[in-house]
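Asks: Next up is a structure, given as structure tokens.
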Amino acid sequence: MKKMHTYLKVMTVALLAVLFLAGCGQSSSSKSSNDKTTSTRVLKTAAGKVKVPLHPKRIVTNVYTGDVASLGGHIVGATSLDLASPYLTKAQKKAATNLGLTMKPEAVLKLKPDMIVTSNEADVKALKKIAPVVYIPYGSTGNIEQTATKFGQILNRKKQAADWNAKFKAETKQQAKRLTKAGITPSKTTIGIYDMQNGKLFVDGAKWGRGGQALTTGLGFKLPAAMQKIDAGPGFQQVSTESLKKYSADWLFFGSTTTGKSSNTQAISDLKSNPIWKSLPAVKANHVVQLPFNKMYYFDPTAVYQQVKLITDAMLKKA
């Protein structure tokens, strides 16, 4: 009887041990399964829904390199124009492979990305077998604050985006005060953005780089009615010298863009000697600001943040 009692005790302990181990295994399996389901998430993009990593660690981009970098995203590859930005740090440039003008599949594959961010719809089909492709049409992200928020969602860095927006608001408020103190009230002042491209004159809206977001969303300047139409439409428009008065503003921001071996030197000289250009109120008042192309071309959060003070300093020299 005593032997039977001992046997039952041993069997009971053994059964409990088996149940405990089974429970642990089930818990471990459940945890593993749970990890798998939370390691990715689904984004809605212009090309449809795409499953992306919860925390992407190897990102390849074109056009949006600065936007990703501004929020601390780790970029392993980017196109050459993006990597020429003076607003990227040395460490960010060193970590990223220069892909040239476009993202060729062979070059992208070697980088083993876990996310690709592009403005080129054709990249979706060409690269989707390599990594999830987030397609964002150029000009579709809204103003710079909305852009930061959108990339915060894409990269799962919402806190970093919110922090940047708060920092941006503080900086623009400070620089706007400097302007107001000098007699320039942004809310009552219009600005025009002009760009000489390969000998042709263009007028740009506020969402086409060239300092547009620093001037409007940031400092609070206004676009003239004619430029508002361009801003709401294509974003830029070629104009003739004869039509310049239609696009006149209190302050003019002038840029020069060239490709290849072309030069705008003669075209700019001709423009500045033209009687219509000379007759513009902003030209007469010496309210024309020309800043370096490489400092004004880029339009990501870091670039726009730094452009705010750059523009303010330039205007104060002429106020």
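Nothing in this text is a laboratory measurement; each read-out follows from the coordinates by a stated rule. As the structure is a prediction and not an experimental result, all values here were calculated from the model. Don't worry about glycine lacking a Cβ; one is built from the backbone with ideal geometry, like all the others, and counts go over all protein chains shown.
Asks: In a solvent-free Debye calculation with one equal scatterer on each Cα, what is log10 I(q)/I(0) for the stretch 262-307 at q = 0.28 Å⁻¹, listed in the order of the q values?
Replies: -0.97
Asks: Please give the helix 2-38 orientation as an angle from the longest Cα principal axis of the chain, in degrees from 0 to 90, rounded to the nearest 10.
Replies: The two axes meet at around 10 degrees.
Asks: Over the stretch 144-245, calculate the relative contact order: mean separation of alpha carbon pairs under 8 Å at least 6 apart, over the residue count, as a percent.
Replies: Over the stretch 144-245, the number comes to 24 percent.
Asks: Treating the beta-carbon of each Lys and Arg as +1 and of each Asp and Glu as -1, no other charges, what is the dipole magnitude of the stretch 41-138 about its Cα centre, to the nearest 20 debye?
Replies: Dipole magnitude for the stretch 41-138 comes out near 380 debye.
Asks: Also: In sequence order, what are the phi-derived ³J(HN,Hα) couplings for the stretch 42-58 according to the Karplus relation 6.51 cos²θ - 1.76 cosθ + 1.60 with θ = phi - 60°, rounded to whole Hz, with x for glycine and proline?
Replies: So the J values, rounded to whole Hz, are 10, 10, 8, 10, 5, 9, x, 6, 9, 8, 10, x, 4, 10, x, 10, 9.
Asks: Using unit Cβ charges (K, R positive; D, E negative) and no other charged atoms, how large, in debye to the nearest 20, is the dipole of the chain about its Cα centre?
Replies: 1060 debye
Asks: What is the local net charge at Asp163, summed over the other residues whose Cβ is closer than 14 Å to its Cβ (Lys, Arg +1; Asp, Glu -1)?
Replies: So the surrounding residues net to +3.
Asks: Taking amide H positions as placed 1.01 Å from N in the peptide plane, with prolines and chain starts having none, which residues 5 or more places from Arg58, or on another chain, fall under 5 Å of its amide H?
Replies: Asp114, Met115
Asks: Write down the radius of gyration of the stretch 161-319 and its Dmax, each obtained from C-alpha positions, in Å.
Replies: Using the Cα atoms of the stretch 161-319, the pair Rg, Dmax is 15.2, 48 Å.
Asks: On a 0 to 90 degree scale, rounded to 10, what angle separates helix 144-154 from the longest Cα axis of the chain?
Replies: It works out to around 20 degrees.
Asks: Which order do the peptides 241-247, 75-81 take when ranked by the mean count of other beta-carbon atoms within 10 Å per residue, highest first?
Replies: With the highest mean Cβ count within 10 Å placed first, the list reads 75-81, 241-247.
Asks: Around Ala225, with a cut-off of 14 angstrom between Cβ atoms, what is the net charge of the other residues, counting Lys and Arg +1 and Asp and Glu -1?
Replies: Once positives and negatives cancel, what remains is +2.
Asks: Mind listing the long-range amide H neighbours of Val63? Cut-off is under 5 Å, sequence gap 5 or more, other chains count too, H placed in the peptide plane at 1.01 Å from N.
Replies: Residues meeting the amide H criterion: Thr79, Asp82.
Asks: Once you wrap a convex hull around the alpha carbon atoms of the stretch 84-124, what is its projected area averaged over all directions, in nm²?
Replies: 3.5 nm²
Asks: Let me ask something else about it. Tell me, what HN-Hα J-couplings in whole Hz come from the Karplus equation 6.51 cos²θ - 1.76 cosθ + 1.60 at θ = phi - 60° for each residue of the stretch 306-319, using x for Gly and Pro?
Replies: Whole-Hz 3J(HN,Hα) from phi for the stretch 306-319: 6, 5, 4, 6, 4, 5, 4, 4, 5, 5, 5, 5, 10, 6.
Asks: Quick one: 3J(HN,Hα) in Hz for the stretch 98-111, Karplus 6.51/-1.76/1.60 with θ = phi - 60°, rounded, Gly and Pro as x.
Replies: Running phi through 6.51 cos²θ - 1.76 cosθ + 1.60 with θ = phi - 60° gives 7, 8, x, 6, 9, 8, 6, x, 4, 6, 5, 4, 5, 7 Hz.
Asks: Could you point to the residue in Leu88, Asn264, Met115 farthest towards the positive end of the chain's charge dipole, with +1 and -1 charges on the Cβ of Lys/Arg and Asp/Glu respectively?
Replies: Most positive-ward Cα: Met115.
Asks: Report relative contact order for the chain in percent, whole number only (criteria: Cα-Cα under 8 Å, sequence separation at least 6).
Replies: Answer for the chain is 15 percent.
Asks: Also, quick follow-up: Report relative contact order for the stretch 160-318 in percent, whole number only (criteria: Cα-Cα under 8 Å, sequence separation at least 6).
Replies: Rounded, it is 29 percent for the stretch 160-318.
Asks: Cα extents of the chain along the three principal axes, largest first, in whole Å?
Replies: For the chain, the Cα extents along the three principal axes come out at 119, 46, 34 Å.
Asks: With Cβ to Cβ distances under 12 Å as the rule, what net charge do the other residues near Val42 carry (K, R +1; D, E -1)?
Replies: It works out to a net charge of +4.
Asks: Now, a different point. Between Asn98 and Ser263, how many nm apart are label points set 7 Å from Cα along the C-beta direction?
Replies: 2.4 nm
Asks: Please name which of Gly100, Ala148, Phe253 has its Cα lying farthest along the dipole of the chain towards the positive end, using unit charges on Cβ (Lys, Arg +1; Asp, Glu -1) and the Cα centre as origin.
Replies: Comparing the listed Cα positions along the dipole, Ala148 ranks first.
Asks: Before rounding to the nearest 500, sum -39500 (n - 2.57) across all DSSP H runs of length at least 4 in the chain and divide by the residue total; then give [θ] at 222 nm in deg cm²/dmol.
Replies: My calculation for the chain gives -13500 deg cm²/dmol from helical runs alone.
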